[in-house]
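For reference, the structure is listed below as structure tokens.
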Amino acid sequence: MQDLLFLVHRIPFPPNKGDKVRSFNLLRYLSQHYRIWLGAFVDDPDDWRHLDAVRRFCAEVHCVALDPRWAKLCSLRGLATGEPLTLPYYRHAGLQSWVDRVVAEQKIERALLFSSAMAQYLRGPRYPRVRRVMDFVDVDSAKWAQYADGKPWPLSWVYRREGRVLLAYERTVAMEFAASVFVTDQEAALFRRLAPEVLPARVTAIANGVDMDYFNPDRDYPNPYPADEQVLVFTGAMDYWANVDAVGWFARSVFPEILRIVPDSRFYIVGARPTAEVQHLAALPGVRVTGTVPDVRPWLAHAHLAVAPLRIARGVQNKVLEAMAMAQPILATPAAMEGIVPCPELPESVTNDPATLTQRVLALLADPAQREQRGRAGRNWVLRHYHWDHNLSRILPLLEGDAP
């Protein structure tokens, strides 16, 4: 087997949040074709216990502890240097030394870098033999610009600056590296517009997938809910601002009317690390905040329907794909569905309007047969379009130089 250097901004296990789902499946798939030399950060102390799970896919693993509080302070150096704050946040001399050693000793000829921050470890003319592929996943600069609209000053200024400066960096990386990958056609098209100097053929999309055996609705899962509740569920990492904004908006602007008409309805927010803002939502009538759960599948399997009311989103929402894979009918905003191949069998599952969303929730709660039909249609759609190995096979020509 040939060698591949794989640099990731967060250890790709467990696959319990969007970026780690993608990076883990890349690791799993690529380990079938290469000897993997993995460098990554660990920003959650609990993740250190998963090192052995990662090592079984790799020739060597080099992980570096990252304290988010200290990293935020370090990121402020970017204001003085003029660089994106993202870069000093993820800068580490020890990881750079490891990268240099592995490239030299193993004579590395190909590398995959996951998330724009990791490009800094292979920038410049020191690596003329290395074919570098950048998996940006999303256009992160556009995400920061999007965040700025919802933040007060001075955060709005910081976020707008990050969007502007990070875009310049992304464009430089795309010009220097052999290929740039995004998670959806929409993200790839956006980057081509924002970086017109990059050859369009060097910017491509490789879609995510779903482990359909794992997310299998036909298995027997214990019911985590009281028997007399009609459950609406949202799943996701609850320290991610887009998710925090989504559940806050739904809990305050949509759910109260649903609760008034269906008194036994409940809105469950299921996900790790809920912020104080999310925890406060549990004081609202009918709203429940679980925090970390060992397995999200029972919470999806036994809900009446899933909601994805995101108002800010980039790329593809794994939470939506996983709910659909579990044959769970889902109601979502356009932002949550933007990167997902439209399913013509579910034409009324998407809306931004609170009143319309309320009526559609009420209609599904009152119609079990319709919930069943929509759930199965969604799972069949995911089966057709989101198979991991089929989608990820497109990365191999990029790494081998068989594609532009």
Test result for LEU364, more than 19 Å from the chain's Cα centre (by Cα), part of a helix (DSSP H, G or I) and outside the structural domain of TRP241 (by TED's automatic domain parsing) = no
Do we have ALA179 as within 27 Å of LEU30 (Cα to Cα), in the same structural domain as SER393 (by TED's automatic domain parsing) and under 22 Å from the mean Cα position of the chain (by Cα) here?
-> yes
ASP67: under 26 Å from ASN208 (Cβ atoms) and surrounded by fewer than 19 Cβ atoms within 10 Å (Cβ to Cβ), yes or no?
-> no
Count of region 323-359 residues which are crowded, with 23+ Cβ neighbours inside 10 Å and over 21 Å from TYR386 (Cα atoms) = 1
Pick from region 64-84 the residues that are assigned to a helix (DSSP H, G or I) and closer than 13 Å to LEU166 by Cβ: which of them is nearest to the chain's Cα centre (by Cα)?
-> SER75
Subset tally (residues that are assigned to a loop (DSSP other than H, G, I, E, B) and in contact (Cβ under 8 Å) with a residue 24 or more places away in the chain) for region 307-346 | 21
Note down all Cβ pairs under 9 Å where the first residue falls in region 183-198 and is more than 16 Å from ILE395 (Cβ to Cβ) and not assigned by TED's automatic domain parsing to the domain that holds PHE136, the second is charged (D, E, K, R) and at pLDDT below 95, and they're at least six residues apart or on different chains.
-> none
In region 258-284, how many are acidic (Asp, Glu), in contact with a strand residue (DSSP E or B) (Cβ under 6 Å, 6 or more places away or on another chain) and either part of a helix (DSSP H, G or I) or surrounded by 18 or more Cβ atoms within 10 Å (Cβ to Cβ) (or both)?
-> 0
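The values are calculated or read from the model by the stated rules, or taken from the named source; none is laboratory data. Bear in mind the structure is a predicted one, so any value in this text is a computation, not a measurement. Counting neighbours? That spans all protein chains shown, and the Cβs are built from the backbone with ideal geometry, glycine included.
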